Amino acid sequence: MKIFSKEQIYLGDKLTAERQNITSTELMERAGTQIFNWMHMRMQGAQVPVHVFCGIGNNGGDGLVLARHLVTHGYNVHTYVVNYSDKRSKDFLINYDRIKNTTKKWPTLLKCTEDFPEIHPNDIIVDAVFGIGLNRPVDDWVKKLFQHFRATKAFTMSIDIPSGLYTDKAVEDPEAIVYAGFTLSFASPKLVFFLPETAKYTVQWEILDIGLDPEYLYTTETEVQLIGKHEVLPNYMPRDKFSHKGQFGHALIVGGSYGKIGAVILAARAVLSAGAGLVSAYVPKCGYVPLQTAFPEAMVITDEDENIVTNINFEIEPTVVGFGVGLGTDSKTISAIETLLKSNEPPLVIDADGLNILAKKKTLLKLLPEHTILTPHPKELERLIGSWKNDFDKLKKVKAFSKKYKLIIVIKGANTITVFDEKLFINTTGNPGLSTAGSGDVLTGIITGLISQEYHPSVAAIFGVYLHGKSADIAVEDFGYQSLIASHVIDYLGEAYIDLFKQPEQPPQQQENQEETQKQ
């Protein structure tokens, strides 16, 4: 799913009006009606007090359309205009007149804290104060209004974006933002719904189709994409009946040190579970027995040193090399990695201490082949690119870093973001159960295993992150967040693949209707 920028949405509105020969007011009517339909379907006429707070721009106009439809359908609605400026948009004024002509209960004008209405915990608040066009700090009394919303404990629903949030820059005042239980967003979700510092301002979101021009939506390239099943499925490569292991590559995992051989076992297991034909592990001598015992499917090559990797020397011709898991950062290990990079030809996936080695000796970054994949967690990322002021600054620095060295960066987190070719790919799978030792090693193995099967590194990164999260989502149903461990993610990887081809379950009534139709 594409995530459109603020400017692209404005252009989409303009082109839609031109191509469909409608006015901007008619498009606003369409948007407000869709919000009403969404609420009406769920409320079914319930007389819960609904408080609609409208700004004086186009977001407020959407709120006025909603309020008018709630009034005409007999709902218990209270409408307010948050008068934060003397300016009003044209379409706001048109819809302000329409609601005044619909009901004798005109919208209440709010100008200061003394005007705030009483709201009870079981009421519903609709936030239509600011939209995506917010470009200045919120007035102090409006900030207190948002705090009033929160203090009432009433369910709050925002239109398009929680008021006070910007679409393209960081939060300035955390207290000057609406905390929405639900956000109904037009055209596409907003990037801020997925960033660590701003995702907390809406618990859930849903996209409303307001009929923007289909050609514009289809042909417009976006900087950000949301990755789900429909986005990764076209990249899946099925297997031929007569295929054999030699067709799916030979992956090499380089890592491990005394006490950390488990990281290599997890990564190597994930490589084969992701579909690679063969996997070899290059480890210090202390890893030989654990690997051969715990994971007999792997072939093992040992370093001359007992406890650390000091001299990476192998006779195989790997399709891909993944290194860093459990590796350590001893000076001899760093020297061995430098020697490897100087002669290496296959694609690389680098994690954990591999990233820490790059951070310690940044001249090694110039030795990385194009489209090398780095999979840092926040602290590893900070060691590579330096500290950042906020999430937007972080993304800016990662894009610059990725472009400079022609790398693919997987920013691990609740919504893992893959950065490639100055574009962001936001993953939608995964859960808090992945906050456990070894889950990153498993991700490294999955991505390495996909590259081994000749998936392009960018596809392998995006697809691998998706499968990793989806496997955890399936596994967590059996184990819960607290008891999920990295091995479970590997064990359920097959089910994540199978899920790619499952059709969504239909509601029982819909299923009964289909069965009845088939009988007839």
Condition (residue is modelled with pLDDT under 95 and in a loop (DSSP other than H, G, I, E, B)) applied to the range 4-16: is it met by at least one residue?
no
Over 25 Å from Leu434 (Cβ atoms) and of a type in the set (Val, Ile, Thr): which single residue out of Ile357, Ile337, Ile373, Ile417 fits that description?
Ile337
When you go through (1) buried (at least 19 other Cβ atoms within 10 Å of the Cβ); (2) touching a His at 6+ places or on another chain (Cβ under 8 Å); (3) part of a helix (DSSP H, G or I); (4) touching a residue at least 60 places away in the same chain (Cβ under 8 Å) one by one for Ala472, which number turns out not to apply?
(4)
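Restricting the search to the range 399-453, which residues are aromatic (Phe, Trp, Tyr) and free of Cβ contacts under 8 Å to residues at least 24 places away in the same chain?
From the range 399-453, those aromatic (Phe, Trp, Tyr) are 401, 405, 420, 425; that's our starting set.
Listed by number, the list holds a single entry, Phe401.
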Across (1) free of Cβ contacts under 8 Å to residues at least 60 places away in the same chain; (2) open to solvent by less than 70 Å² (accessible area, probe 1.4 Å), Asp140 clears everything bar (2)
In the range 162-192, anything of a type in the set (A, V, I, L, M, F, W, C), buried (at least 20 other Cβ atoms within 10 Å of the Cβ) and in contact with a helix residue (DSSP H, G or I) (Cβ under 7 Å, 6 or more places away or on another chain) is listed as Leu165, Ala176, Ile177, Val178, Ala180, Leu184, Phe186, Ala187
Among strands (runs of 3 or more DSSP E) lying entirely in the range 198-300, which contain 2 or more residues that are over 30 Å from Ile22 (Cβ atoms) and touching a residue at least 12 places away in the same chain (Cβ under 8 Å)?
202-208, 250-254, 278-283
Examine the range 35-49 for a residue that is more than 16 Å from Ile159 (Cβ to Cβ) and touching a Pro at 6+ places or on another chain (Cβ under 6 Å), and state whether such a residue exists.
no
Name the residue, out of Val50, Val71, that is over 33 Å from the mean Cα position of the chain (by Cα) and among the β-branched types (Val, Ile, Thr).
Val71
Would you call Ala251 over 17 Å from Glu454 (Cα atoms) and either hydrophobic (A, V, I, L, M, F, W, C) or modelled with pLDDT under 95 (or both)?
no
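The values are calculated or read from the model by the stated rules, or taken from the named source; none is laboratory data. These figures come from a predicted structure and were not determined experimentally. Backbone-built Cβ (ideal geometry, glycine too); neighbour counts: all protein chains shown. The area values use the complete protein model at the heavy-atom level, side chains included, leaving out ligands, DNA and RNA. Shrake-Rupley method; radii C 1.70, N 1.55, O 1.52, S 1.80 Å.
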